[in-house]
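Since every read-out is calculated from the coordinates, none of them should be taken as a lab result. Computed from a predicted model, the values in this text were never measured in an experiment. Glycine gets a Cβ as well: all are built from the backbone with ideal geometry, and neighbour counts include every protein chain shown.
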Amino acid sequence: MGARKMRGEGWTFDGILDVDWQICSFALLRELRASGVAITDDELGKYCMVNVDPEFPKKVKAGDFIVAGDNMGYGHDHDHACRSIKGAGVAAVLCDSTNGNFMRNCLDHGLPIIEYPGIRAATKQGDTLEVDLEAGTITNITREKVFHFRPFPAFLIESIEDGGTYPHLKKEVAAGKYR
């Protein structure tokens with residue numbers, strides 16, 4: 001399917017999901033750095049959401065979605081939280097609302113995030129979802145419901161497909177688009 005169109009299971013989470021606590025502990029990040037562990041997306045993915053669901057990194061499958069309520073990614077502008085989500089294999093984050101810092105970090109790292117008020121209430125744990133960034137649709141296949149959002153622009157989809165802002169810019173520089 002790819003970044004334009006994705007299909008997977010919805011993992012629902014309620015309440016405040018702070019970047020430094022619920023999503024991926026900042027204290028853990030410090031411990032990993034102090035012990036010399038390489039801080040990669042895959043390494044951070046091992047700790048994604050463990051303070052909310054200790055087994056989440058073992059249960060989530062590549063291509064699945066996190067579905068959350070209001071203020072997903074609350075807190076500081078640290079990017080380790082979105083990197084842990086991406087490292088766990090999550091294809092996109094769907095939420096009622098988020099904040100600018102978390103949204104920017106997700107997109108910078110090639111992780112689509114879609115704000116759609118009411119998506120959490122309309123999704124139950126394990127629902128099969130399909131997201132189409134070009135068409136601007138979230139389809140809950142299990143519940144036979146379609147939700148429409150503003151489609152992602154082509155440049156943003158390309159950046160996501162390339163793995164985020166920096167890999168996308170490197171690709172464009174290598175292609176001679178920029179000096």
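Exactly one of these conditions fails for ALA38: (1) over 22 Å from MET6 (Cα atoms); (2) not in a loop (DSSP other than H, G, I, E, B). Give me its number.
(2)
Which residue pairs have Cβ atoms closer than 9 Å, lie 6 or more positions apart in sequence or on different chains, and pair a first residue in region 146-160 that is touching a residue at least 24 places away in the same chain (Cβ under 8 Å) with a second residue that is of a type in the set (Phe, Trp, Tyr)?
PHE147/TYR116; PHE149/TYR116; ILE160/PHE152
Could you tell me which numbered condition TYR47 fails, if it satisfies all but one of (1) in contact with a helix residue (DSSP H, G or I) (Cβ under 8 Å, 6 or more places away or on another chain); (2) surrounded by fewer than 19 Cβ atoms within 10 Å (Cβ to Cβ); (3) among the hydroxyl-bearing types (Ser, Thr, Tyr)?
(2)
Which of the residues spanning region 15-30 are surrounded by 11 or more Cβ atoms within 10 Å (Cβ to Cβ) and of a type outside the set (Val, Ile, Thr)? If you could, list the steps in order and put the result at the bottom.
The first filter runs over region 15-30 and keeps only residues surrounded by 11 or more Cβ atoms within 10 Å (Cβ to Cβ), leaving 15-26, 28-29.
Hits for region 15-30 are GLY15, LEU17, ASP18, ASP20, TRP21, GLN22, CYS24, SER25, PHE26, LEU28, LEU29.
Scan region 109-133 for residues that are free of Cβ contacts under 8 Å to residues at least 24 places away in the same chain and surrounded by 16 or more Cβ atoms within 10 Å (Cβ to Cβ) and jot them down.
none
Could you please find all residues in region 47-82 being among the basic types (Lys, Arg) and within 15 Å of the chain's Cα centre (by Cα)? Step through it out loud before you land on a result.
Keep residues of region 47-82 that are among the basic types (Lys, Arg), which gives 58-59, 61.
Result: LYS61, single match.
Pick from GLY136, GLY163, GLY100: which is without any contact (Cβ under 8 Å) to a residue 24 or more places away in the chain, closer than 28 Å to LYS46 by Cβ and either of a type outside the set (Lys, Arg) or crowded, with 22+ Cβ neighbours inside 10 Å (or both)? Step through it out loud before you land on a result.
Working: GLY136 fails: closer than 28 Å to LYS46 by Cβ; GLY163 fails: without any contact (Cβ under 8 Å) to a residue 24 or more places away in the chain.
GLY100 is the lone residue from the list that is without any contact (Cβ under 8 Å) to a residue 24 or more places away in the chain, closer than 28 Å to LYS46 by Cβ and either of a type outside the set (Lys, Arg) or crowded, with 22+ Cβ neighbours inside 10 Å (or both).
Which condition number in (1) touching an Asp or Glu at 6+ places or on another chain (Cβ under 8 Å); (2) loosely packed, with under 14 Cβ neighbours inside 10 Å; (3) touching a residue at least 60 places away in the same chain (Cβ under 8 Å) is the one that VAL37 fails?
(3)
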